[in-house]
Amino acid sequence: MARRGRRGLDEDDLAVWAQVARSARPMRTDGTAQGFAAAPDPATAPAPAPVPAPEPRGAAPAPLQVPLDFRVGHSPPRRRAASLPVPYTPADRLDAQPLRMDHKTHRKMSRGKIAPEARIDLHGMTLAVAKSALTGFILSCSASGRRLVLVITGKGKGDHGPLPTRSGALRHEVPHWLDLPPLSRMVLQVVPAHVRHGGGGAYYVYLRRAG
């Protein structure tokens with residue numbers, strides 16, 4: 001039987017107590033034992049950062065966000081072309097041209113009050129033959145000093161030739177030929193003829209002064 005010491009503890013109790021005393025740590029001023037960290041206060045501790053969930057294997061990458069100027073199902077905006085009046089007949093095209101001759105003379109000529117000094121009839125010719133004949137006629141009239149000449153084309157039901165042409169081809173082509181070199185250097189103005197000189201099937205050609 002173990003001998004009891006003071007305060008009624010025997011030798012075994014004293015040995016256990018001595019072992020506990022050796023493992024004890026002195027208390028700090030904040031109430032925690034030295035060598036041990038104080039447990040964090042749940043009320044003041046920062047919340048842990050969320051851990052991102054791992055992406056599943058084989059997942060497709062997120063599509064690129066490309067800004068679009070139009071919504072799905074709507075056509076992209078188109079620039080509206082400027083609407084300009086388009087002359088369809090030779091007379092309309094000639095009326096759209098600027099006036100390059102004396103206004104008083106132009107008015108008298110348009111009313112058929114000036115008699116042409118020379119004339120050529122292209123009606124029934126092919127386009128190639130008519131263009132050659134017209135060129136020679138204008139060159140000759142300009143060289144001789146004539147100012148107002150008449151070019152007859154006919155209203156046309158289609159000109160004759162090896163290849164088919166549209167109705168009234170001469171009536172459409174003659175103003176175009178007169179507006180191109182070499183004739184454009186001699187022609188001042190082209191005007192549809194008055195009815196007394198052929199109307200819609202002829203043109204007044206007013207030539208520049210020679211020299």
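We did not get these values from a lab; they are worked out from the coordinates using the rules stated. Computed from a predicted structure; not experimentally measured. FYI the Cβ positions are ideal-geometry reconstructions off the backbone, even for glycines, and counts take in every protein chain you see.
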- Task: Work out the charge dipole of the stretch 90-207 with +1 on the Cβ of Lys and Arg and -1 on the Cβ of Asp and Glu about the Cα centre, then indicate which of VAL195, VAL205, ILE138 is farthest towards its positive end.
- Result: VAL195
- Message: Explain nothing, just compute: Karplus ³J(HN,Hα) = 6.51 cos²θ - 1.76 cosθ + 1.60, θ = phi - 60°, for every residue of the stretch 205-211 in order, whole Hz, x for Gly and Pro.
- Response: 10, 9, 8, 6, 5, 5, x
- Query: Given just the C-alpha atoms of the stretch 90-207, how large is their convex hull per residue in cubic angstrom?
  - Reply: 94
- Mind listing the phi-derived Karplus ³J(HN,Hα) values for the stretch 181-194, rounded to whole Hz, using 6.51, -1.76 and 1.60 with θ = phi - 60°, and x for any glycine or proline? x, x, 5, 4, 6, 10, 9, 9, 8, 10, 9, x, 6, 5
- Item | Segment ALA118-ALA133, length gained on full extension (0.36 nm per residue, minus Cα span) | 4.0 nm
- Charged-residue dipole, Cβ positions (Lys, Arg, Asp, Glu), the stretch 90-207 about Cα centre, Debye nearest 20: 400
